[in-house]
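What follows is one structure encoded as structure tokens, with my remarks underneath.
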Amino acid sequence: MRSFGLPELLYVVEALRWTLALSAIGFIGGGLVGALIAVLRFADNRLINGVIIIYTQFFQGIPLLLLMLLCYYGISLIGIQLSPLQAAATALTINASAFLGVIWESALRSIPRTQWESGESLALRPWQTLRYIIAPQAIRLALPSTVGFLVQLVKESSLASVIGFVEITRAGQLVTNITFAPLEVFGVVAVLYFIICSLLSWLSRRLELSLRQAM
């Protein structure tokens with residue numbers, strides 16, 4: 001039986017890059033789709049709004065673990081084989097898009113109607129009003145909820161270990177199997193998650209302060 005030493009510690013720490021990479025892919029991909037969802041919710045089209053409502057409510061209601069299993073095992077039934085990374089990234093992107101779309105839509109709707117009217121008075125087109133007047137205010141309002149969701153996404157990326165993707169939780173499991181030292185191993189894993197999430201929260205506060213000063 002091997003002891004939990006420096007090589008094992010480095011193996012767990014090195015797996016952190018895959019946790020960060022997976023979280024970044026899910027957040028960026030989900031953010032792009034979520035932004036589209038938030039903007040399209042203002043379209044005067046019942047069909048578009050109906051599809052978006054069904055999409056967001058459906059994927060918000062599905063456990064992320066089940067979504068990962070469907071992406072990894074379910075899609076293979078139709079002849080498409082995804083790697084653990086691809087399946088996990090797809091699931092996180094879909095999950096993030098459903099939640100971020102609603103978060104950002106709420107932020108946009110919280111801006112007073114008078115702000116839209118001010119854009120019209122300046123002869124701005126709707127997309128220009130959205131870009132130059134509405135979006136900057138909505139970003140500041142949505143920032144706390146967005147970062148809170150990102151922290152949640154980082155922690156939920158550990159579910160990818162179930163389909164064999166080696167991020168820090170899976171790395172911890174593998175090291176535990178050969179060292180039989182779960183307390184030490186998962187203690188390190190917990191500290192790594194704490195550092196990441198604390199850093200994200202700190203950066204969020206700094207960014208929010210900067211945005212307030214710039215307004």
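Restricting attention to region 156-187, the residues that are of a type outside the set (S, T, N, Q) and within 22 Å of ALA24 (Cα to Cα) total 13.
No other residue among VAL162, VAL191, VAL185, VAL175 is among the β-branched types (Val, Ile, Thr), closer than 22 Å to SER83 by Cβ and at pLDDT 95 or above apart from VAL162. Set side by side, the residues ALA123, ALA142 differ, and just one is among the small types (Gly, Ala, Ser) and on the phi > 0 side of the Ramachandran plot, which is ALA123. Being out of contact with any Leu (no Cβ under 7 Å at 6 or more places or on another chain), closer than 23 Å to VAL162 by Cα, among the β-branched types (Val, Ile, Thr) and crowded, with 16+ Cβ neighbours inside 10 Å is a property that holds for THR19. Applying the selection to region 82-117, what residues are surrounded by 14 or more Cβ atoms within 10 Å (Cβ to Cβ) and small (Gly, Ala, Ser)? Selection gives ALA87, ALA88, ALA89, ALA91, ALA96, SER97, ALA98, GLY101, SER106, ALA107. Considering only residues of region 175-186 that are in contact (Cβ under 8 Å) with a residue 60 or more places away in the chain and in a helix (DSSP H, G or I), which is farthest from LEU6 (Cα to Cα)? By that ranking, first place goes to ILE178. Taking GLU120, is it among the acidic types (Asp, Glu) and within 26 Å of LEU64 (Cβ to Cβ)? No.
Looking across region 17-59, just one residue is touching a Gly at 6+ places or on another chain (Cβ under 9 Å) and charged (D, E, K, R), and that is ARG41. Restricted to region 47-126, the set of helices (runs of 4 or more DSSP H) holding at least 1 residues that are in contact with a Lys or Arg (Cβ under 8 Å, 6 or more places away or on another chain) and within 23 Å of ILE28 (Cβ to Cβ) comprises 84-109.
The values are calculated or read from the model by the stated rules, or taken from the named source; none is laboratory data. Computed from a predicted model, the values in this text were never measured in an experiment. Neighbour counts run over all protein chains shown; Cβ positions are idealised from the backbone, glycine included.
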